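Enquirer: The structure's right below; bear with me while I get my questions together.
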Amino acid sequence: MIRAENNNFILDTANTTYAFRVTKSGHLEHLYYGRKINIDTDDLDVLVEKCEFAPGNTINYTQDDLSFSLEDMCLEMSSLGKGDIREPFIEIIHADGGTTCDFLYRSHTIKKENPKLHGMPSSYSDDVKPDHLTVTLVDEYYDLCLELHYFVYEDSNVITRFSRFINKSQAPVRLRRLMSNQIDFSRSGLRFTTFTGAWVREMNKNEFLMNAGKAVNSTLAGVSSNRANPFVMISNHTTNEDKGLAYGFNLVYSGNHYEAVEVSSFNKTRFVQGINPQNFEYFVDKGEVFESPEAIMTVSKDGFNGMSQNLHKFIRNHIVRGEWKFKPRPILINSWEASYFKISEAKLMKLATRARAIGIELFVMDDGWFGKRDNDTTSLGDWKVNPEKFPKGLDHFVKSVNRIGLDFGIWVEPEMVSVDSDLYRAHPDWALEIPGHAHSEGRNQRILDLTREDVREYIISAMSDVFSSAKISYVKWDMNRIMSDVYSSKLPPERQGEVAHRYVLGLYEIMKRLTTKFPHILFEGCASGGNRFDLGILSYFPQIWASDNTDAFFRVNCMTNYSYGYPMSTLTAHVSSSPNHQTLRNMPLETRFNVAIFGVFGYELNLPDLSLATLTQQLRKQVSFYKEYRDVLQYGNFYRGRQGNLHEWTVVSPDRNTAIGMLMQEHAEPNVRSHIYLARGLDKNKVYRFEGRTQKVNLTSFGDLVNMISPIHIKNDGQLLHILSKIYKLPGEVEEYTASGDVLMYAGVKLKQAFAGTGMNDNTRIFPDFASRLYVMKSR
C-alpha cells in the first residue's frame, strides 16, 4: 500500500513501513524503513531531522536556507557537487565537462502495475499487481530527468526500486554511475554482511561492524561472480537468527555489481547498490533513456530467519516464472564426475540403466558430446554431435534413454568459443578481444560478443537446433570463465565502457527468446558452479548449480549461506563420490545425502562402479525417501538453526503439517554424549510425531574395537572386517517421540546418547566426524 499526501510518502507492506518526504528545497529526505509502525502522512514530523544550523565546515545547499547541509541528511538519492560528499546515487559528465547534478522533486504518480524495464528482467505478480510509485526529479539547469520507481509487494514484505535517467537536453552526456537503490540510516554501528569466495569456495559469510569508513562488495568479473554475491545484509549488531532487525538487499542483475556501506562524519550510514561504476560509462544522447536494474529490499524484526522467509517467498512467487515455477523438479544423474570428457554411447547407457534401477528420473549428459570435445581446449561453438561417440546421432541415443524410463538432459556453454573451433576460424571478430593484442584467456576459451546482434542470432539458432534435435527435457547452461580484455569490435572507442552492461542485455535477450521457444525444458544455470548465482538468471532459469564443490562438509556451510538470500528450490545439490573430487575428503554416504536433499536433488556418482548392496540398500532407499518428501524439501519453508560445529536445518511444509530436520556434526568432541535437536517453523499448537530416519552402522566404523565383542581376532582394515561389514550392519538408534510444536521448537528433543568410548548398545548413537541425522515430524 502506498500513501502520498502533502509530499509525504508512506509505503506499507504487511509487516514493514518505508517513509520519505519532499523537503522545502525539493530534496527527498528518507525518514524510516523498518518494522511496521502506525503512522499517517500528516504525522511524519516526528521522523523529520530537526535542523537549525548546518554543521561547521560543510556546504550550504543554498544561501536562502542555512539550516542544513546535504552531507548531514538522510536522502533517497544523492549526487555530487552540492555538498553531499558521500557515495553518490548518480554521476554524470555533462557536455560542458561539469559533474555537478541538482535533481529536485517535480511530480509523482501512483499506479498498480508490474515493473517494466527495457532489456532486463524484473519482478512481477500474476494476480494482484504491486502498487507503483514514480517520483520524478529534474535538474533544471541541464534539462535532465531522473525517475525513482518503487514497487510494493505487500504479501512478501518486499519493496523493489529501479531508476530511469532521461536526457531531455540537446547534448549527449556521459553517465558514469546510476544506482538502483539507496538507503540512508540515521545511525552508525550497523553490521554489514557479505558473501564472498572463489571457485569451489562460494558464499563465505563476512561481517563488518560499521562504526566508521566504507565497506564495498563488488565485482568486475563481468558476471555477478563467486567473488562477491550481490545479496548482502545490514542488521543491528545484536540481531540473531530469530530476533532483531535484519535488512536484506539484492539486485536483479547478472553483471558487474556494486554494494557499498559508508558511515559519514555525522554517524549516518549510507547503503547504495547498483551496476559497478568502475569501468562503466554510458553515452546517453539527447532524448535517450538509461535504466538501472531492479533492486529488492526487505526488513524483518524477527532476525535473519524472518528476513529470509520474506525473500524466499518473494523469489518463489515474483522472480521465478514459467512452467517449472512450482513444478516438482526431477531427481537426476549427471555424467560429469562419472566420465568427464571420456564419454561414449555405451558408457552413458550403462550409467543411465543403473540410474533407472534405483528410481532416478532424469539422465543428464554433461560436457564432451559435441565437435572434437575430448578436452577443454577445443570445439566450443561447434554445436554438432560427435559422430565417433554417437555414431547413430543424438536423437537415437536420447530415444534409448527414454525407452528405459528416463528423461534426457544436455549440457551446453553457448556464450563461449574455443580458438580451436570452426566458429572462431570463421568469425574471429565475434569474440570479446582487443584486435591486434594478445588475449588473456580463461579455461582455454573466449567469450562471444553478445553485444552483437549477429552473434546473438547465431547462438539462438544453434541452441534451437540442439534443443529440437531430440526430446530434450533439461538443459544445463554453463559459463566457465570471467571476462578479460573487454572490447567489442562492433562498438566505437568512446562506447567501450558500455560493453559489459550490453553483454548482460544480450544474454537476457537470448535467454528470454529460448525459454519462450522451449517452455517445457527445465533450464539450470551454471557458471563454474556459483559464479553467476543471481536474481537475473533466476528470472529465466528456475534453478542454479550452487558450486562445483560437492563435498558435503563444504556444502553444509555454502547452502546455509545461500539460504540467507535465496530459497532452497533455486539451488541444486548432488551426492557425489568419496573421496570428493574437489577436496579428496571422505564423507559418509548418508551425510552426503542428508545435506544434498535440502537443495534440488541429484547424483553425480559412477553408479556402475558401486556395489549392488550400495545401490539397493542405500541409494534406492534414499531416492524413495526423497520422493516421499520432495514437495516439502523443494517448496517448504527453510529455517536455519545452530551453526558451527553442529549444523541444524528444518524445512516445513506451508501448512506446517510436515517437517524434515537435519543435524550434522563437523568434528566429534571427546566425551560429549548429549545433543539436542531444536526444530523451527512448526505450529506450536499442533502435536507432531517425531521419528529419526533409520541408518545402519558399518562395522568398519569401529576398526579393531570390534575385537571387544568378536570371538575371533579381526585385523583393523583387514579383509575379514570388510567381508563382515558387507554382510552385516549394526542397527542404528531409534528416535520416536510425540510432542507439541511448542516443545519441539523451544525445548527440543534430547537425542539418544552418542558413543563416547564407555559402552555401546542398540540405543547408542554413532556420531563421529561428519555424521548427520534426518528427522521427520508429522502432525497427528
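Enquirer: Which percent, to the nearest 5, of DSSP beta bridges fully inside the chain are antiparallel? Please list the in-between numbers first.
Expert: Details: 137 of 168 bridges.
Around 80 percent of the beta bridges assigned by DSSP in the chain are antiparallel ones.
Enquirer: Using the Cα atoms as the points, what is the convex hull volume per residue of the range 602-677 in Å³?
Expert: It comes to 149 Å³ per residue, whole-number rounded.
Enquirer: Counting pairs of alpha carbon atoms under 8 Å apart in space and at least six apart in sequence, what relative contact order in percent does the range 433-545 give?
Expert: Rounded, it is 32 percent for the range 433-545.
Enquirer: Would you kindly find the accessible area of Tyr32, with a 1.4 Å probe and non-protein molecules such as ligands, DNA and RNA excluded, rounding to the nearest 10 Å²?
Expert: 50
Enquirer: Run the dipole for the range 540-677 about the Cα centre, Lys and Arg Cβ at +1, Asp and Glu Cβ at -1, nothing else charged, and hand back the magnitude in debye, nearest 20.
Expert: 200
Enquirer: Express the Stokes-Einstein translational diffusion coefficient of the range 505-616 in µm² s⁻¹, to the nearest whole number, given a Kirkwood radius over alpha-carbon pairs, 25 °C and a viscosity of 0.890 mPa s.
Expert: In µm²/s, the coefficient rounds to 162.
Enquirer: Moving to a separate point now. Mind listing which GluC sites (Glu not before Pro) in the range 315-383 are in a DSSP loop and have 10 or fewer other Cβ atoms within 10 Å?
Expert: In loop regions of the range 315-383 (DSSP not H, G, I, E or B), there are no sparsely surrounded GluC sites (Glu not before Pro).
Enquirer: Now for a different question. Could you tell me which of the pairs Lys112/Lys243; Lys205/Lys627; Lys327/Lys627 are separated by over 24 angstrom between their Cα atoms in the structure shown?
Expert: Result: Lys112/Lys243; Lys205/Lys627 exceed 24 Å.
Enquirer: Label Asn60 and Asn236 with points 7 Å out from Cα along Cα→Cβ: what is the distance between them in nm?
Expert: Each label point is offset 7 Å from its Cα along the Cβ direction, giving 3.9 nm.
Enquirer: Based on alpha-carbon atoms only, what is the radius of gyration of the range 1-74 relative to the globular estimate 2.2 N^0.38 Å?
Expert: 1.22
Enquirer: Taking 0.36 nm per residue of separation and subtracting the Cα-Cα distance, what length does fully extending Asn6 through Ser186 add?
Expert: 62.5 nm
Enquirer: Are there GluC sites (Glu not before Pro) in the range 261-320 that DSSP marks as loop and that have at most 15 other Cβ atoms within 10 Å, and which are they?
Expert: Counting only loop positions with at most 15 other Cβ atoms within 10 Å, the GluC sites (Glu not before Pro) in the range 261-320 are Glu288.
Enquirer: With the cut-off at 19 Å, tell me which of the pairs Lys686/Lys778; Lys82/Lys214; Lys342/Lys372; Lys715/Lys752; Lys301/Lys686 have Cα atoms farther apart than that.
Expert: Over 19 Å apart, Cα to Cα: Lys82/Lys214; Lys715/Lys752; Lys301/Lys686.
Enquirer: Now for a separate question. Label Glu628 and Ser461 with points 7 Å out from Cα along Cα→Cβ: what is the distance between them in nm?
Expert: Once both label points are built, they end up 5.3 nm from each other.
Enquirer: Using a 1.4 angstrom probe and counting only protein chains, how large is the accessible area of Trp199 in Å², to 10?
Expert: Accessible surface of Trp199 is approximately 140 Å².
Enquirer: Then there is this: Using Cα centres only, tell me the gap between the range 437-455 and the range 706-770 in whole Å.
Expert: So the two Cα centres are separated by 55 Å.
Enquirer: Let me know the Kirkwood hydrodynamic radius for the chain, please, with Cα pairs as the basis and the value in Å to one decimal.
Expert: Result for the chain, one decimal place: 28.2 Å.
Enquirer: Quick one: of Lys116/Lys286; Lys168/Lys268; Lys111/Lys325, which pairs are farther than 32 Å apart, Cα to Cα?
Expert: Lys168/Lys268
Enquirer: Go through the range 520-525 residue by residue and turn each phi into a ³J(HN,Hα) via Karplus (6.51, -1.76, 1.60, θ = phi - 60°); whole Hz please, and just put x for glycine and proline.
Expert: 8, 6, 8, 8, 10, x
Enquirer: What does the convex hull of the alpha-carbon atoms of the range 51-172 project to on average, in nm²?
Expert: If you wrap the Cα atoms of the range 51-172 in a convex hull and average its projections, you get 9.9 nm².
Enquirer: Would you kindly find the accessible area of Thr134, with a 1.4 Å probe and non-protein molecules such as ligands, DNA and RNA excluded, rounding to the nearest 10 Å²?
Expert: 10
Enquirer: Please report the relative contact order for the range 583-697, taking Cα pairs under 8 Å with a sequence separation of at least 6, and give it as a percent rounded to a whole number.
Expert: 19
Enquirer: How many nm is it between the label spots at Ser107 and Asp655, if each spot is 7 Å from the Cα in line with the beta carbon?
Expert: Using points 7 Å along Cα→Cβ, the separation is 5.1 nm.
Enquirer: Here's a follow-up. Run the numbers for Asn444 and Gln496: contour at 0.36 nm per residue of separation, minus the present Cα-Cα distance, in nm.
Expert: 16.3 nm
Enquirer: Got the relative contact order for the chain handy, in percent, Cα pairs under 8 Å and 6 or more residues apart?
Expert: 9
The values are calculated or read from the model by the stated rules, or taken from the named source; none is laboratory data. As the structure is a prediction and not an experimental result, all values here were calculated from the model. A quick note on method: Cβ atoms are made from the backbone with ideal geometry, for glycine too, and the neighbour counts reach across all protein chains shown. Please note that ligands, DNA and RNA were not included when accessible areas were found on the heavy atoms of the full protein model with its side chains. Shrake-Rupley method; radii C 1.70, N 1.55, O 1.52, S 1.80 Å.
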